[in-house]
Every structure is written in structure tokens, then in C-alpha cells.
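Chemist: Okay, here's the structure, questions in a sec.
Each value in this text was obtained by applying a stated rule to the coordinates, not by laboratory testing. The model shown is predicted, which means the values in this text are computed figures rather than measured ones. Positions of Cβ are backbone-derived with ideal geometry, glycine not excepted, and every protein chain shown enters the neighbour counts.
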Amino acid sequence: DAGVIQSPRHEVTEMGQEVTLRCKPISGHDYLFWYRQTMMRGLELLIYFNNNVPIDDSGMPEDRFSAKMPNASFSTLKIQPSEPRDSAVYFCASSGTGGNQPQHFGDGTRLSIL
Amino acid sequence: QKEVEQDPGPLSVPEGAIVSLNCTYSNSAFQYFMWYRQYSRKGPELLMYTYSSGNKEDGRFTAQVDKSSKYISLFIRDSQPSDSATYLCAMSAEGYSSASKIIFGSGTRLSIRP
């Protein structure tokens, strides 16, 4: 299996620009998670989907952040407008159902907002 | 106070040493405990998981939970340079599963010197 695929791996952009992060979950998985990792706050859950439906977005920091999952094989996390404090590594993870299934993480997108 | 506290390290030990990594937590509702390993520039991968108190062993790795003290540990025996990574503890009140709200520690950076 190819695992969770994220793109781009690195993104550097200027403050105020729109940023779009992409994720392809493992085929057959019906849960998808977006996390943010920083030195100060560690790994934080932003939002998760079940069967393409957002279930809990309480971790989304503010209205500048939005996430979509138009189909079972694709999700986006968008930041508009971006700010320097959004600089972090953003991870996507997916998992299946049927008992306790661990989350499988992608390799992340390293985002720098100048 | 954070729900989960973890010493960030870095921790440097010689090859072959026994390593002890620890986390403390404040939420007595946590029942499910996990350890993730994260290599540089990679996403976290689930290493071990345990339920409630007690020990669990898997090869060179032993996970230990002391709920009375709200303290969990991961021991690595005969440590290898390939064990060099950041280790994150994680815990949940609901399960290891997809829908569980999992709280992560900030991670301990471990380096094994050849």
C-alpha cells in the first residue's frame, strides 16, 4: 500500500497568500484527520472526517482555516489569508473502522509563512 | 497545565543502553495509552499501545502504565542507532480507534550513539 500521501512536502509563501495542502488517504480508510505540529504546542488535531463528512472541527484555530473532503480519496486544508504564526508541519492521517484501528500518518507538509 | 507532559530531551545514550522515556498526565479518564515513533522528516508511526494499568512487551520495547501515579513509560532494551527518533506518548479516554480524541505529548528526542 502506498500509505497516506501529502503534497506539497514543503511550502514557503508570503503572509496574506492562500495556502492549500492536499492529502490522499489509504484506500479503504474511511476516517481522515488533519493535525498540526509545532515545537511549542506539539501535535494538535485540527479536524477529522468520517465517510467524507466533517465530524469535529473544534481544533481549527480560526475562520482562516477550512478543510474539505470532496470524495473518499482526497482532502484539502486551506489557509486564507496565511499568517507567520501558521508556520508548522501539517500532517494528514487516515484509519479504517472495525474495532480499534490505529491512525496512519503521512510524511507531512512543512509550511513556512514569511 | 497541559493534559499530557513529556520531557522534550534531547536524550543521548550509548548503543546497547537501556532507555527510559516517560510521560505524566492529569486526566484520570484516560484509559488507552500509546507510544508513537517519529523519524526526522516523517510522520508518527504507532509503536505500542496498552489499555489501563500494567506492562506490555514487544521485542526490545516495554510499555508500562501506572494509573495511580498518572505516569507511563516506554523502555527500550539493547538500544540501537536505528532507534534514534522522537518518541511521542499519546492517550485517550475512549480508545485507540479512529474516532477517539487522542492527546499527544510533545515528544522526547532520542539519540543513540554508536
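Chemist: Ranked from highest to lowest mean number of other Cβ atoms within 10 Å per residue, what is the order of the peptides B:44-50, B:59-65?
Modeler: Most protected by this proxy first, the peptides run B:44-50, B:59-65.
Chemist: Same structure again: Show the residues, 5+ positions off or on another chain, whose built amide H is closer than 5 Å to the amide H of B:ALA17.
Modeler: Amide H to amide H, under 5 Å and 5 or more residues apart or across chains, B:ALA17 pairs with B:SER79.
Chemist: For chain A, state the average projected area of the convex hull of the C-alpha atoms over all orientations, rounded to one decimal in nm².
Modeler: 6.8 nm²
Chemist: Could you list A:ARG85, B:ARG37, B:ARG109 in order of exposure, starting from the residue whose Cβ has the fewest other Cβ atoms within 10 Å?
Modeler: Ranked by crowding around the Cβ, least crowded first: A:ARG85, B:ARG109, B:ARG37.
Chemist: Give, in nm to one decimal, the length gained when the segment between B:SER28 and B:GLU94 is fully stretched (0.36 nm per residue of separation minus the Cα-Cα distance).
Modeler: 22.5 nm
Chemist: Using Cβ counts within 10 Å as a stand-in for footprinting exposure, how do B:TYR87, B:TYR32 rank, fewest first?
Modeler: Ordered from fewest to most neighbouring Cβ atoms within 10 Å, B:TYR87, B:TYR32 come out as B:TYR32, B:TYR87.
Chemist: Sticking with this structure for a sec: Pop a pseudo-label 7 angstrom from the Cα along the beta-carbon direction at both B:ARG41 and A:ALA2 and give the gap in nm to one decimal.
Modeler: Once both label points are built, they end up 2.1 nm from each other.
Chemist: How long are the semi-axes of the ellipsoid equivalent to the protein assembly as shown, from square roots of 5 times the Cα gyration tensor eigenvalues, in whole Å, largest first?
Modeler: 30, 20, 17
Chemist: If I take R0 = 35 Å and measure r between the Cβ atoms of B:ALA17 and A:ALA72 in this structure, what FRET efficiency does the formula 1/(1 + (r/R0)^6) give, to the nearest 0.05?
Modeler: Computed FRET efficiency for B:ALA17 and A:ALA72: 0.15.
Chemist: Separate question: Averaged over every viewing direction, what's the projected area of the C-alpha convex hull for the range A:54-95? Give it in nm², one decimal, please.
Modeler: Over every viewing direction, the Cα hull of the range A:54-95 projects on average to 3.6 nm².
Chemist: Then there's this: Find the centroid of the Cα atoms in the range B:97-114 and in the range A:53-107, then give the distance between the two in whole Å.
Modeler: Computed from Cα coordinates, the inter-centre distance equals 19 Å.
Chemist: Using 1/(1 + (r/R0)^6) with R0 = 41 angstrom and r between the beta carbons of A:ARG110 and B:GLU3, what's the FRET efficiency to the nearest 0.05? Provide the component values of the computation, followed by the final result.
Modeler: Values: r = 26 Å, r/R0 = 0.64.
The computed FRET efficiency comes out at 0.95.
Chemist: Run the quick spin-label model on B:GLU57 and A:VAL53: label points 7 Å from Cα toward the beta carbon, then report their separation in nm to one decimal.
Modeler: Each label point is offset 7 Å from its Cα along the Cβ direction, giving 4.6 nm.
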